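Trainee: This is the structure, below, for whatever I ask next.
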Amino acid sequence: MSSPDSMATDEWRELTMAQAIREAIAEEMRRDESVFVIGEDVAEAGTPFKVLSGLVEEFGTDRVLDTPISEPGFTGMGVGAAMTGRRPVVDIMFGDFLGLVMDQVANQAAKVHYMSGGKLSVPLTIRTTMGATRRSAAQHSQSLHAWVSHIPGLKVVLPSTPYDAKGLMKSAIRDNSPVVFFEDKMNYQQRGRVPVAEYTIPLGLADIKRPGKDVTLIATSSMVLVALEAAEVLAQEGIECEVVDPRTTVPLDRDALIESVRRTTRAVVIDEGHRSYGVGAELAAVVAEGAFYYLDAPVRRLGAMDVPIPFSPVLEDLTVPTAEGLAATVRELCRRK
Amino acid sequence: MSSPDSMATDEWRELTMAQAIREAIAEEMRRDESVFVIGEDVAEAGTPFKVLSGLVEEFGTDRVLDTPISEPGFTGMGVGAAMTGRRPVVDIMFGDFLGLVMDQVANQAAKVHYMSGGKLSVPLTIRTTMGATRRSAAQHSQSLHAWVSHIPGLKVVLPSTPYDAKGLMKSAIRDNSPVVFFEDKMNYQQRGRVPVAEYTIPLGLADIKRPGKDVTLIATSSMVLVALEAAEVLAQEGIECEVVDPRTTVPLDRDALIESVRRTTRAVVIDEGHRSYGVGAELAAVVAEGAFYYLDAPVRRLGAMDVPIPFSPVLEDLTVPTAEGLAATVRELCRRK
Amino acid sequence: MDESLAPPDAASGPGPNWLRAYRLMLTIRLFEDRVNDLYQRKLMPGLAHLSSGEEGVAVGVCTALRDDDYITSTHRGHGHCLAKGASPDLMFAELLGKAAGYCGGKGGSMHIADQARGNLGANAIVGGSLGIATGAGLSIKQRGTDQVAVSFIGDGALGQGVLYEVMNMASLWKLPVIYVCENNLYGEYTPGAETVAGKPLDRALAFGIPATEVDGQDVRAVYQAMATAVAHSRGGGGPAFLLCSTYRYFGHHVGDVDRGYYRSREEEQFWREHRDPITLAREWLEAEGMADRASLEGLAEELTRELDAAVEFALAAPFPDPDQVATDVFA
Amino acid sequence: MDESLAPPDAASGPGPNWLRAYRLMLTIRLFEDRVNDLYQRKLMPGLAHLSSGEEGVAVGVCTALRDDDYITSTHRGHGHCLAKGASPDLMFAELLGKAAGYCGGKGGSMHIADQARGNLGANAIVGGSLGIATGAGLSIKQRGTDQVAVSFIGDGALGQGVLYEVMNMASLWKLPVIYVCENNLYGEYTPGAETVAGKPLDRALAFGIPATEVDGQDVRAVYQAMATAVAHSRGGGGPAFLLCSTYRYFGHHVGDVDRGYYRSREEEQFWREHRDPITLAREWLEAEGMADRASLEGLAEELTRELDAAVEFALAAPFPDPDQVATDVFA
Ligand SMILES: Cc1ncc(C[n+]2csc(CCOP(=O)(O)OP(=O)(O)O)c2C)c(N)n1
Ligand SMILES: Cc1ncc(C[n+]2csc(CCOP(=O)(O)OP(=O)(O)O)c2C)c(N)n1
Ligand SMILES: [Mg+2]
Ligand SMILES: [Mg+2]
């Protein structure tokens, strides 16, 4: 039930990523009055990326709260509100600001349920952004999903299509555990088919975005698009790539990744976080271990360069993985027979 | 020059880890008046672990500053002082509190040098702790070195012996980049040989703590002791383990790790951070890729369970890697021939 | 800024059962004595931060609260937990890491929570529960109930920036949150005078939050000030700040025995002899003829038996099953 | 708490060269106009936050500083940078990501630093430079020099808890740090009135820090207040807080053109017509006979040529070599 074409509906529209996310939040707010949005410039402004435009008009300022510039404070308040009967959707404008809220997220939100022996729970959704090449420099371009993926008690979502974004956001809001939802700010205008009928996508299910037999490209968030682009090019050359999107790093659909790599015998992991000690390392380690006896070549990893993201376009463009770079890696991998 | 026995000196003493760290800081404070210590209860109290006892008596409260409980504030001040001619040693009492300072550490300290095109630099050392089984529960038992290891611009040190701790601390303080220095709070009383003569250990050099031919155990911080214990047991059974300690996750001595695994053809990574998306994932991915054509078995990873650290001793002890668990993993790995 | 709020009906009403308040304070004192004893006999894992000497604050504050009001607590939270209605036996069980404990042994001393009585949990991060309590206040406002949320913090938490972030929002949005600062003169081994610039009350007042200072050793004064603050917040008046001067008799934690380098024996003696909240309450009860020595001694014996039994229960209780280690990670 | 500090010699001395101050303000205005133009012509990568309308604060403050004094700046930092003595050509080069830029193109508009003139850098994290400036103050005190450190922040930074953490330490340790808050009435698209409880000045006063409010559109008033604060801090008096009321003419960033939903055209017009710092300064200079219309027009033409040349220089300058991407990660 996870790919559009398998949906039991024949009514579809084209939506942008931003529209799909807004629709998911609006539907959940209509469905459950305990859902509310809190963050900076989320109301009249609808966020700087206009993702939430229209929400305050429908739900009012009691359920779409503009805050002072106090990330630790309002994230902590989200935790407390979640512990006492609400389902907050906390907006952290740029993923880079996670540095300000890691105590609230990792020490409070993630641990309350466990520390209380299951008596208290934190049905909290934290929306934030990732992704470079917006010429926003080092403090507004990071993809820090590795930080939260490492903390037990947090679920982590990385949608790559409008369809996934809507279905996963609805599941995130309904989930009784804290969920961190990463949106690639460069993809808000990306369009895709979304059914008219309501649907959700369970957290923890990988999706094969493109089937193939020669090599598995495990890609997250916007890197899925990069992988699909590379796969298209490589198909011309007779290399059939299977593009697998974990969609959530926690829970991680290990079996799906390993199964694919066992079939193709080769794998490249591509993620936009910094390459070292990033999400890509876990994904690579998982398949390298799980598919060891099937692998015909070492598992390769592509990620952002291990440098702060530079402002200058000529430099910034060198830091992120590209379809060309990925295609070259795959060719080199497949020559090795 | 990196193992005690190869030192060009015949004068040695036994020191605890805590004494070795204190000695390193005291020596650097005598050597360079720009070095100072700042943090909570570091002066008269000498930290709750008494690591810094005696410093304030020798250097006074101008160079050993007790702060309010304001981690973000005094860490940020450490960055500013470092940018303007000082060499601060910032004390973050428990590694768990890194959640409060990740903005100062990752967005400020780590990026200033790069963002300024190399004009400004941040010769800052952040000391903090890691390690569980102290019955301190979920918010005082984490090992969060994966967070900082992922951020370009930060160097990360994980000493496993008093000898390494002293030599690496002196290098950290002299380094012109920000360094995060993790001390396992369970090891402060561990004793080891330290030369009387002054010495430093360069950051980025792995050390073979025990040579062996059958399997490589890549271990960090206190897990080195666990690995050595397991190696001793396994030696009785005829399995010769090589124990390799990277000592710094950034810079990472990839070649040393890969070279060892190519020789032994098997590897187990053991680190006390949570297993998923942890430092162990990077170490495993590095050797799985670099030694792919030499490996006789999949690279295994041991880390803390992916659960918040529970208080109850009977539960907490289940969450951390043990010599028995490691030995079992190695046996299973070496059966696979 | 209005420092003194108008006295509410709550306070001008019949008033609380002072014998019950006395009983609670004595329960806390006896509880902490046993925690210290368990530690010294190496029967308790880890450490604990005792609130002996600060009973007047916990009890005075919680006496002004309803069962459905929320509190968040600190690393020094046994008193808050008991004052809000928790049972000593299940608390001891938690402190010993037993399955019967409030958190199934997973939380321990620094994370006891008792949601049945609105206790959202102790916290091992200084200031860590400020966001939670203020968020509970937001939840109350959104749900339209007349509960209040109380955030107990120590004077050390005045150093944490998040306090000012949440006070700002609580004031802007008129949230029913009461910040109760237990000023026991020290943060770990450092005197508050070395870490607090200006006057603590001014920090709350600067955010438009009514703030009052009260003698934390006088349980009736604490109750009076708290009842006033509660009436203000319940009535939609927004947040309030209560600064309670008090003192911890023991070290920062049970293992902190050599305290000479940061505070004097004389100072400790002075507080124990002249400012003890339980002694002061007993003297008042007797003077008012609400109780006589004999009845209070009887009460002490009764509580002693009760708490000894609670310890026995906890010591005899089983540890959690190993499989519990992996449960409750996700809800 | 003493709000008004005693006027220092600095201020009662000969005083600054007001023509130079006027020149600086005009330079900033013309600089920002060109940034906006470069953006609209799609010649500048990314975004920029213009300080047009706030020139009086940057220039008034920096006129009271020495070359060796430190400043930290914000995302809206072009004015601070120019007022502290940076050259427009190297700044434009940085904004265009060129190798000749102050940061070799690696920083861009939000991270320009000019350590040669004590500018420790702009910052893209609201409140992100507060720790840096306060740490520079600690460094000054430890090194025993008579420098001061100035932290420019916007009113939005009043929401960041770290401000209160560092003000507390600056006050406790009497650090020579001056917090200059540019209150331009908005944080992005939200009015300050919706995000600030109580009075901003009270927040500094609560930490024992002398605080003054000043008309940020009157460069002489800003200078006077700043000179007083600087004398206080240089003399070992500790930190000071300056709240400057001002206004940004353009949107939050160059792309923020539809502003009707958060502020009115009328309001913008009012400030431009009646409260423009450059117009006010010019009228004063002419009234005082320090300059006549003709000479000021000549100056405007000279600066226009200078800044156009600076833009040309930056446009023609080469981008950094690709290998620069991997340098400067570690010092
Ligand atoms: C964020 C954070 N920093 C430091 C600590 C270590 N610590 C635990 S208790 C404490 C002192 C707290 O003092 P106070 O708030 O006055 O409470 P008290 O212990 O006096 O009751 C410190 C520094 C911590 N737990 N959390
Ligand atoms: C910690 C943080 N939160 C949010 C943002 C996004 N942001 C950039 S500027 C800004 C508004 C800042 O307002 P103010 O401090 O008043 O400065 P102004 O833009 O008005 O000059 C915000 C919210 C940020 N850069 N950093
Ligand atoms: Mg205290
Ligand atoms: Mg503003």
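Trainee: Go through the range A:299-323 residue by residue and tally those that are more than 22 Å from B:Gly153 (Cβ to Cβ) and without any contact (Cβ under 8 Å) to a residue 60 or more places away in the chain.
Mentor: The initial filter retains those residues of the range A:299-323 that are more than 22 Å from B:Gly153 (Cβ to Cβ), namely A:299-300, A:322-323.
Restricting the remaining residues to those that are without any contact (Cβ under 8 Å) to a residue 60 or more places away in the chain gives A:299-300.
Residues flagged as more than 22 Å from B:Gly153 (Cβ to Cβ) and without any contact (Cβ under 8 Å) to a residue 60 or more places away in the chain within the range A:299-323 amount to 2.
Trainee: Looking at the range B:239-298 only, could you name the residues that are within 17 Å of the chain's Cα centre (by Cα), more than 13 Å from chain A (Cβ to nearest Cβ) and without any contact (Cβ under 8 Å) to a residue 40 or more places away in the chain?
Mentor: Passing the criteria: B:Val243, B:Val244.
Residues are listed down the side, and each one gets a yes or a no for (1) over 30 Å from D:Met110 (Cα atoms); (2) crowded, with 20+ Cβ neighbours inside 10 Å:
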{"site": "A:Val286", "(1), (2)": "yes, yes"}
{"site": "A:Gly290", "(1), (2)": "yes, no"}
{"site": "A:Ala297", "(1), (2)": "yes, no"}
{"site": "A:Ala304", "(1), (2)": "no, yes"}
{"site": "A:Pro310", "(1), (2)": "no, yes"}
{"site": "A:Leu318", "(1), (2)": "no, no"}
{"site": "A:Pro321", "(1), (2)": "no, yes"}
{"site": "A:Ala327", "(1), (2)": "yes, yes"}
{"site": "A:Glu332", "(1), (2)": "yes, no"}
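Trainee: Can you name the residue in the range C:291-331 that is surrounded by fewer than 16 Cβ atoms within 10 Å (Cβ to Cβ), without any contact (Cβ under 8 Å) to a residue 24 or more places away in the chain and in contact with a helix residue (DSSP H, G or I) (Cβ under 8 Å, 6 or more places away or on another chain) and, of all such residues, is nearest to C:Leu43 (Cα to Cα)?
Mentor: C:Pro322
Trainee: Right, something else. Looking at the range B:250-283 only, could you name the residues that are over 12 Å from B:Leu295 (Cβ atoms) and basic (Lys, Arg)?
Mentor: Within the range B:250-283, B:Arg254, B:Arg275 meet the criteria.
Trainee: Outside any helix (DSSP H, G or I) and of a type in the set (Asp, Glu), is that true of A:Asp317? Outline the logic, then answer.
Mentor: Numbers: outside any helix (DSSP H, G or I): no; of a type in the set (Asp, Glu): yes.
Taking the combined requirement at face value, the residue does not satisfy it.
Trainee: Of the residues D:Asn168, D:Asn123, which single one is buried (at least 24 other Cβ atoms within 10 Å of the Cβ) and within 16 Å of ligand 3 (Cβ to nearest atom)?
Mentor: On the way: D:Asn123 fails: within 16 Å of ligand 3 (Cβ to nearest atom).
None of the others qualify; the one that does is D:Asn168.
Trainee: Let me ask something additional. Consider D:Leu163 carefully, then state whether it is within 19 Å of the chain's Cα centre (by Cα), away from ligand 1 (no atom under 16 Å from the Cβ) and within 11 Å of chain C (Cβ to nearest Cβ). Break it down stepwise before answering.
Mentor: Values: within 19 Å of the chain's Cα centre (by Cα): yes; away from ligand 1 (no atom under 16 Å from the Cβ): yes; within 11 Å of chain C (Cβ to nearest Cβ): yes.
Yes, satisfied.
Trainee: Taking only the range C:119-154 into account, find how many residues are facing chain A (nearest Cβ under 7 Å) and at negative phi.
Mentor: If we filter the range C:119-154 for residues that are facing chain A (nearest Cβ under 7 Å), which is where we start, we get C:120-121, C:125, C:128, C:130-136, C:138-139, C:142-143.
Still in the list and also at negative phi: C:120, C:125, C:128, C:130-136, C:138-139, C:142-143.
The number of residues fulfilling the criteria is 14.
Trainee: To continue, here is another question. Would you confirm, using the coordinates I've provided, whether B:Ser121 is at pLDDT 95 or above, surrounded by fewer than 24 Cβ atoms within 10 Å (Cβ to Cβ) and more than 14 Å from chain C (Cβ to nearest Cβ)? Steps first, answer last, please.
Mentor: Details: at pLDDT 95 or above: yes; surrounded by fewer than 24 Cβ atoms within 10 Å (Cβ to Cβ): yes; more than 14 Å from chain C (Cβ to nearest Cβ): yes.
Judged against the criteria, B:Ser121 is a match.
Results for (1) surrounded by 15 or more Cβ atoms within 10 Å (Cβ to Cβ); (2) farther than 16 Å from D:Glu182 by Cα; (3) modelled with pLDDT of 95 or more, shown as yes or no for each residue.
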residue: D:Pro8; (1), (2), (3): yes, yes, no
residue: D:Leu30; (1), (2), (3): yes, yes, yes
residue: D:Gln40; (1), (2), (3): no, yes, yes
residue: D:Glu55; (1), (2), (3): yes, no, yes
residue: D:Val61; (1), (2), (3): yes, no, yes
residue: D:Leu65; (1), (2), (3): yes, yes, yes
residue: D:Asp69; (1), (2), (3): yes, yes, yes
residue: D:Arg76; (1), (2), (3): yes, no, yes
residue: D:Ala86; (1), (2), (3): yes, yes, yes
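Trainee: If I filter the range D:166-197 down to residues being more than 21 Å from C:Leu172 (Cα to Cα) and part of a helix (DSSP H, G or I), which single residue comes out as farthest from ligand 2 (Cβ to nearest atom)?
Mentor: For the range D:166-197, the residue satisfying everything is D:Leu172.
Trainee: Would you check if D:Thr134 is farther than 23 Å from B:Ile69 by Cα and either at pLDDT below 95 or away from ligand 3 (no atom under 16 Å from the Cβ) (or both)? Talk me through it step by step, then tell me what you get.
Mentor: Working: farther than 23 Å from B:Ile69 by Cα: no; either at pLDDT below 95 or away from ligand 3 (no atom under 16 Å from the Cβ) (or both): yes.
The answer is no for D:Thr134.
Trainee: Checking the conditions here, which among C:Gly156, C:Gly135, C:Gly128 is away from ligand 2 (no atom under 16 Å from the Cβ) and more than 18 Å from A:Gly78 (Cα to Cα)?
Mentor: On the way: C:Gly135 fails: more than 18 Å from A:Gly78 (Cα to Cα); C:Gly128 fails: more than 18 Å from A:Gly78 (Cα to Cα).
Only one candidate passes the filter, namely C:Gly156.
Trainee: Continuing with the same structure: So which residues in the range D:198-209 are surrounded by fewer than 24 Cβ atoms within 10 Å (Cβ to Cβ) and either more than 12 Å from ligand 2 (Cβ to nearest atom) or not in a helix (DSSP H, G or I) (or both), if there are any at all?
Mentor: Initial filter on the range D:198-209 (surrounded by fewer than 24 Cβ atoms within 10 Å (Cβ to Cβ)): D:198-202, D:205, D:208-209.
Once the filter is applied, which keeps residues that are surrounded by fewer than 24 Cβ atoms within 10 Å (Cβ to Cβ) and either more than 12 Å from ligand 2 (Cβ to nearest atom) or not in a helix (DSSP H, G or I) (or both), the range D:198-209 yields D:Gly198, D:Lys199, D:Leu201, D:Asp202, D:Leu205, D:Gly208, D:Ile209.
Trainee: Kindly evaluate A:Thr133 against the criterion of being of a type in the set (Val, Ile, Thr) and within 16 Å of ligand 2 (Cβ to nearest atom). Talk me through it step by step, then tell me what you get.
Mentor: Details: of a type in the set (Val, Ile, Thr): yes; within 16 Å of ligand 2 (Cβ to nearest atom): no.
No.
Trainee: Need a quick list: helices (runs of 4 or more DSSP H) entirely within the range C:48-109 having at least 2 residues that are over 21 Å from A:Lys119 (Cα atoms).
Mentor: Working: elements: C:55-63, C:78-83, C:88-95.
Filter on the range C:48-109 gives C:55-63.
Trainee: Here's another thing I want to ask about it. If you check B:Arg127, B:Arg134, which single one turns out to be away from chain D (no Cβ under 11 Å) and surrounded by fewer than 24 Cβ atoms within 10 Å (Cβ to Cβ)? Spell out the reasoning first.
Mentor: Values: B:Arg127 fails: surrounded by fewer than 24 Cβ atoms within 10 Å (Cβ to Cβ).
B:Arg134 is the lone residue from the list that is away from chain D (no Cβ under 11 Å) and surrounded by fewer than 24 Cβ atoms within 10 Å (Cβ to Cβ).
Trainee: Restricting attention to the range C:199-208, which residues are more than 8 Å from chain D (Cβ to nearest Cβ) and among the aliphatic types (A, V, I, L, M)?
Mentor: Going residue by residue through the range C:199-208, those that are more than 8 Å from chain D (Cβ to nearest Cβ) are C:200-201, C:204.
Listed by number, the residues that qualify are C:Leu201, C:Ala204.
The values are calculated or read from the model by the stated rules, or taken from the named source; none is laboratory data. On a predicted model such as this, the values are computed, not experimentally measured, just so you know. Because the Cβ atoms are built from the backbone with ideal geometry, glycine has one as well, and the counts that use them run over all protein chains shown.
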